[in-house]
Amino acid sequence: MTTRHPLHQPPPSATRPPAPPAPATAETTSPDAVTALPTSTALTTPTTLVSPGRLVVTVCRDAERFGALADAWDRLHRRCAAATPFQSHAWLHSWWLSYGRRGRLRLVLVHREPPEPPASPEPSQPPESPEPVRASGAPVTAPAGTSAGTPAAPARELVAAAPLMLRYRPLPTLFPLGLDISDFCDVLLDDHCPQAADALAAGLRHLARTALVELREVRPGAAAERVVERWRGPVRRRADSVCLELPGVPMDDLLRRLSGASARNARRKLRRIDELGITHRAVAEHEVPGAVATMLALHGQQWRGRGVTPEHLRPRFAEHLARATRQLVRTGDAALTEYRLGDLVLVSEVTLFSRHLAGGYLYGAHPEARAKVDIATMLLRQDAARATATGRRVLSLLRGDEPYKRHWRPETVVNQRLLLARRHLAPALWLRAGHLAGRAALADLARTRLPILLAWRTRLRGRRTGGPPR
């Protein structure tokens, strides 16, 4: 029985191509099988950016195949303007190696097959039906009549990808890879293939037969928003983490955002850094593993007794961060910077770069550094210089609403949590959305009421013991 529900659907557009058919759901179809989308889904405008060829949707559950996708994934990553380093193959595959669970991987991949060669005038044997491509991404079987001497056909091109994993609690749900330690999650769409979003939405609908889709930490303007526009089924949106952003301008321009007294104080702190003779250097690729270990050790010392994030001290996080950062440094998508006073490493920071954004991901500071310099100001000056030198418009302070970030009067940007379901799973979607709304209400209550309740409890304890409030 189908539950009637007003669907969240965008208004029809005269320029949008018709939605492609969903992948086959017949009982005889393996969930790993590929569904080929007909070429009629291509745009018919004369200015189309896509070369002829059909789109093929696959679901990859094989971790080894995921590793083999590195080159194709990186090419797609470069063709997606909204992508961040958290969607790079280096970050996601490293995350899977450290955090993935066997049998949970779900990569929705969209490939564009090369155009078929012109028909030969010579009669040939009747072509055989191509063997379906499995989720492992095995190549399409060549038609009969091709010989060993025939030139190899052009490789299929990856034009969209949704890196997901299946979790069973609280409900069977598909979540993004990298969740919890990634500030932004997203899908990848080739900006030169407009119909890739339709194909990726069809692939997601195929997986959503028995599970919800919950896209977390989606930054405004992310590629996932284009997929949601094409979703045929109920959608719910919830606020996720708060991120703070500054413009990618030189430090002098950032100082002008402050009041006169605050700006003078910041300039005094910068002069103090220079007077101490603190230097900084970019860590070379081969030095990254050792430098990451040093940074995490400093990070643990820095937050000792002050509520460190437990995950940052675990071996699996250190393993992932060293492996991913080394690859990202090699491709220019990250920098690891050490700030030294003589031979002593005072502070170490990992900074990530996307096409339009630079952001400090994590840093560690020696306990003595806090007494000597203002660490946030020192890091911000270097990150601002990098963003300016490379033409990046945004200097992101990433997730977190800490007071030291607010000092610089940043813009508040709220990530989104996008909940998607097929119509027959709408009740499960409502249940999940209600659960999240209840948690958010309790969190707001704790923020507004808990300090008052704690203060009253402290007063009552003081009266009972006959002493002053503690």
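The values are calculated or read from the model by the stated rules, or taken from the named source; none is laboratory data. Note that this is a predicted model, so its numbers are computed, not measured. Cβ: placed from backbone, ideal geometry, glycine included. Neighbour counts: every protein chain shown. The area values use the complete protein model at the heavy-atom level, side chains included, leaving out ligands, DNA and RNA. Shrake-Rupley method; radii C 1.70, N 1.55, O 1.52, S 1.80 Å.
Tell me, what HN-Hα J-couplings in whole Hz come from the Karplus equation 6.51 cos²θ - 1.76 cosθ + 1.60 at θ = phi - 60° for each residue of segment 200-212, using x for Gly and Pro?
My calculation for segment 200-212 gives 5, 4, 5, x, 5, 4, 4, 6, 7, 4, 10, 8, 6 Hz in order.
Per q in 0.12, 0.19, 0.23 1/Å, what log10 I(q)/I(0) does a Debye calculation on the alpha-carbon atoms of segment 289-422 return?
Rounded to two decimals, the profile gives -0.52, -1.27, -1.60.
Using protein chains only and a probe of 1.4 angstrom, how many square angstrom of VAL249 are accessible, to the nearest 10?
40 Å²
On the accessible surface of segment 168-216, probed at 1.4 Å, how many percent belong to carbon and sulfur atoms?
Details: 660 of 1270 Å².
Reported share for carbon and sulfur atoms: 52 percent.
Determine the order of SER182, SER262 by accessible area, beginning with the largest, at a probe radius of 1.4 Å.
SER262, SER182
If you rank TYR361, TYR339 by how much accessible surface each has, with a 1.4 Å probe, what is the order from largest down?
On the way: TYR361 35, TYR339 5 Å².
Per-residue accessible area, sorted high to low, gives TYR361, TYR339.
Just to check I understand the Karplus step: with θ = phi - 60° and J = 6.51 cos²θ - 1.76 cosθ + 1.60, what whole-Hz values come out for segment 413-428, glycine and proline as x?
Ordered by residue, 3J(HN,Hα) equals 10, 9, 5, 10, 10, 9, 9, 10, 8, 7, 4, 6, 9, 4, x, 5 Hz.
Before anything else, pin down the relative contact order of segment 252-372: Cα pairs under 8 Å, at least 6 apart, normalised by residue count, whole percent. Before the final figure, lay out the partial values.
Details: 154 pairs, mean separation 32.3, N = 121.
Averaging sequence separation for qualifying contacts and normalising by length gives 27 percent for segment 252-372.
Could you go through segment 251-262 in sequence order and give the Karplus-derived ³J(HN,Hα) for each residue, using 6.51 cos²θ - 1.76 cosθ + 1.60 with θ = phi - 60°, rounded to whole Hz, and x for Gly and Pro?
4, 4, 6, 5, 5, 5, 6, 8, 5, x, 5, 5
How much of the accessible area of segment 327-433, in percent, comes from carbon and sulfur atoms when a 1.4 Å probe is used? Write down the numbers at each step before the final one.
Working: 2260 of 4360 Å².
In segment 327-433, the share of accessible area belonging to carbon and sulfur is 52 percent.
How much length would be gained if the chain were fully extended between ALA446 and ARG238, taking 0.36 nm per residue of separation minus their Cα-Cα distance, in nm to one decimal? Please list the in-between numbers first.
On the way: separation 208, 0.36 × 208 = 74.88 nm, distance 1.90 nm.
Residue separation times 0.36 nm, minus the Cα-Cα distance, leaves 73.0 nm.
Return the distance in nm (one decimal) between the two label points of a simple spin-label model at ALA297 and THR210, each offset 7 Å from Cα along Cα→Cβ.
Output for this residue pair reads 4.8 nm.
Between ARG75 and GLU402, what is the spin-label point distance in nm, taking each point 7 Å from the Cα along the Cα→C-beta axis?
With each label placed 7 Å out from Cα toward Cβ, I get 4.1 nm.
Express the accessible area of segment 195-245 per residue in Å², computed with a 1.4 Å probe while the remaining protein chains stay in the model.
Numbers: 1350 Å² over 51 residues.
Here the per-residue accessible area is 26 Å².
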